[in-house]
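Accompanying notes for the structure given below.
Any read-out appearing in this document is the output of simple, stated calculations on the displayed coordinates, not a laboratory observation. Treat the numbers as computed from the prediction; the structure is a model and nothing was measured. Cβ placement follows ideal geometry from the backbone for every residue including glycine, while neighbour counts extend to all protein chains displayed.
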Amino acid sequence: MKTHVFAAAFALPGLSWSATCNFTPPIDVYSAAKSVHLHLESAGRRSMAVNEEGTVAIVWEDDRGGKPRIQAAFKGGRDDKFKQLQTVTQGEAAYEAVIVPLEEFTFLVAWEQNQAIFARVVNEIGQGPIARLSEKPARQVSLSLAQDGQPIAVWSEKRQNHYQIVYRQLHIKTEENVDTRNLKINADPLKIVETKVDADQNYATIAVSRAGMTVAWEDRRSGSTRIHISHAPHGKAFAPSTTLNKFRPPPSAKFGKGTGAMRVVLTSDGEQRVAAVWLDKRDFEGGYDVYAAVSNNGGAKFGDNELVQDLFGNNTPQWHPTLALLEDGSLMAAWDDSRDASSDVWYSWREQGQWSDDKLLADHDPAGNQAQPILTADNEGRVHVVFIDQQESNNRLRYTMCTPTGE
């Protein structure tokens with residue numbers, strides 16, 4: 001049994017904050033034997049989507065047949081369990097799937113396979129033809145939706161000697177009662193975010209606002225991994241990227257190029273607010289911490305870096321940060337760490353520029369290890385959550401939903 005050593009009585013000094021979450025009892029998306037490995041890894045952490053009708057779609061990678069493949073599951077808004085499970089990929093090993101909602105109960109899934117990026121339309125009853133999106137060796141795809149509801153894919157592709165961030169606007173015609181098997185993916189020409197790059201760029205994420213598109217990624221051109229970000233007003237080119245994360249320079253050359261950061265996630269309310277969260281090692285003695293930044297002008301400029309986790313998490317490395325932005329402007333961040341001697345999923349809310357004390361997320365089963373959370377907000381003001389729960393006897397993919405409330 002886990003013992004949570006930090007009681008609620010240890011409030012952070014000067015922090016007045018009351019919002020929390022009412023979670024539904026977690027349910028299984030998929031349960032596997034201990035020998036089957038489940039992964040919710042993806043650039044931008046976009047492995048779950050909720051459409052306007054309330055259907056929840058989740059994609060993940062597992063090796064139940066001896067080879068990593070992409071799986072998908074669906075749950076209707078009124079259903080109490082996930083009923084439709086599908087295998088999305090065949091053949092070579094496939095990794096890091098992402099998903100976004102389309103119209104008419106359909107979703108778009110993209111993934112990495114055989115050093116290329118592929119995508120297909122799926123829904124609860126079928127799958128469309130597979131389309132290759134990349135041109136050269138590629139990895140780490142992420143997805144978002146343009147203002148017209150059509151998807152945009154962004155990934156890291158090898159151009160000359162380095163991996164660079166590229167993107168394509170996709171076009172999928174969806175109509176009521178059209179068989180999913182006929183839904184082909186058409187794509188605009190591939191474009192490069194920055195053409196002159198002398199080091200690898202990885203793990204891109206993209207968000208779209210009323211002001212334009214914002215892309216963030218891990219960048220190695222300074223010698224250490226930093227978070228770079230670039231914004232493009234609609235119909236215009238991306239501006240030269242800037243560094244999003246503050247970093248601590250080394251005391252001398254023998255100590256390297258400075259502290260690093262990784263695994264950035266972007267989210268947008270579709271209007272003027274864009275938010276970012278990432279892992280940051282500027283406090284190198286405690287490992288990676290969760291930091292965030294918020295833009296109020298559509299992603300063109302971001303505010304100060306903000307430490308997300310509370311003081312009790314500062315001496316424990318954090319992993320797998322994820323972020324949801326609600327229509328009222330509040331933010332929910334989640335991650336996993338082992339401050340209580342085993343891995344748990346923790347979350348924090350941001351309101352009025354302040355982050356709350358950390359709280360355990362959906363801790364209904366204290367046995368095992370919970371990790372790799374994904375958050376997605378819907379149009380009803382709720383946050384949907386999926387995470388991996390490793391028990392002694394099996395590995396489970398678990399889902400819950402939270403409704404924000406006051407304490």
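The 3J(HN,Hα) values that the Karplus relation (6.51, -1.76, 1.60; θ = phi - 60°) gives for segment 233-241 are, in residue order, x, 3, x, 10, 6, 5, 6, x, 6 Hz. Gly and Pro appear as x. Report the residue, chosen from D344, D328, D357, that carries the largest GNM mean-square fluctuation when the chain is represented by alpha-carbon nodes joined by springs under 10 Å. Highest fluctuation of the listed residues: D328. Highest mean first, the peptides 372-385, 21-34 sorted by other C-beta atoms within 10 Å per residue fall in the order 372-385, 21-34.
The residue among S268, G65, S134 whose Cα reaches farthest toward the positive pole of the charge dipole of the chain, with charges on the beta-carbon of Lys, Arg, Asp and Glu, is S134. Sorting S295, S393 by the number of Cβ atoms found within 10 Å of their own Cβ, with the fewest placed first, yields S393, S295. Residues whose amide H falls under 5 Å from that of H162, counting only those 5 or more places apart or on a different chain, are absent, with hydrogens built in the peptide plane. Note on R64 and Q115: the extension gain reaches 16.2 nm, defined as 0.36 nm multiplied by sequence separation minus the Cα-Cα distance. Put simply, when 206-219, 65-78 are sorted by average Cβ atoms within 10 angstrom per residue, most first, you get 206-219, 65-78.
Three semi-axes describe the equivalent ellipsoid of segment 19-406; taken as square roots of 5 times the Cα gyration tensor eigenvalues and ordered largest first, they are 28, 26, 21 Å.
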